[in-house]
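Reviewing the structure listed below.
The values are calculated or read from the model by the stated rules, or taken from the named source; none is laboratory data. In this text, all values refer to a predicted model and were calculated from it rather than measured experimentally. Neighbour counts are summed over all protein chains in view; Cβ atoms, including those assigned to glycine, are modelled from backbone coordinates with ideal geometry. The protein model used for the area step is the full one, side chains on, heavy atoms only, and it has no ligands, DNA or RNA in it. Shrake-Rupley method; radii C 1.70, N 1.55, O 1.52, S 1.80 Å.
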Amino acid sequence: IGFGACMGMGGVLSVLSWIVLFQSNYVMFGVLNTIANLIALGSSLFLAGPKKQIQKMFDKTRVVATIIVFLMMILTFVAALALKLAWLTIIFCVLQYLALIWYGLSYIPYARDIIIKMVTGVCSSVAK
């Protein structure tokens, strides 16, 4: 029940964040989006248990990804609430999504290696 409730609340807040984005309320977008991602990320605590999930988050294979996710969330709050810079808030939200994807891929064996090889291949093809 806790997992579903948190994931559902995260989803609702995420949708609300996009609605306020289209109303040009960039500060509220950054805040709601980050809270939505925190709640959705927190939903996994109900599946594995808080202690085990936190241990997994800071395992050597995903500690950097975990730190980057939380750093992007903090920077989103700073850009939205302290600096009130719309463009920076949106950039940090995008980086937050990318960090969450990278973090999520760490749970799939070899997924990040495959992505790295694909991006490297594309970049080397473009560079030619």
| task | Please specify each residue of the stretch 71-89 satisfying the condition of being open to solvent by less than 60 Å² (accessible area, probe 1.4 Å) and either at positive phi or among the hydroxyl-bearing types (Ser, Thr, Tyr) (or both). | result | 76, 89
| Lone unmet requirement of (1) touching a residue at least 40 places away in the same chain (Cβ under 8 Å); (2) of a type in the set (A, V, I, L, M, F, W, C); (3) surrounded by fewer than 17 Cβ atoms within 10 Å (Cβ to Cβ) for residue 92 | (3)
| note | With the first residue restricted to the stretch 35-59 and required to be over 24 Å from residue 93 (Cβ atoms), and the second required to be basic (Lys, Arg) and open to solvent by less than 80 Å² (accessible area, probe 1.4 Å), Cβ contacts under 8 Å at 6 or more apart or on different chains are 48/56; 56/62
| Failed item in (1) small (Gly, Ala, Ser); (2) assigned to a helix (DSSP H, G or I); (3) open to solvent by 60 Å² or more (accessible area, probe 1.4 Å), with residue 14 passing the rest | (3)
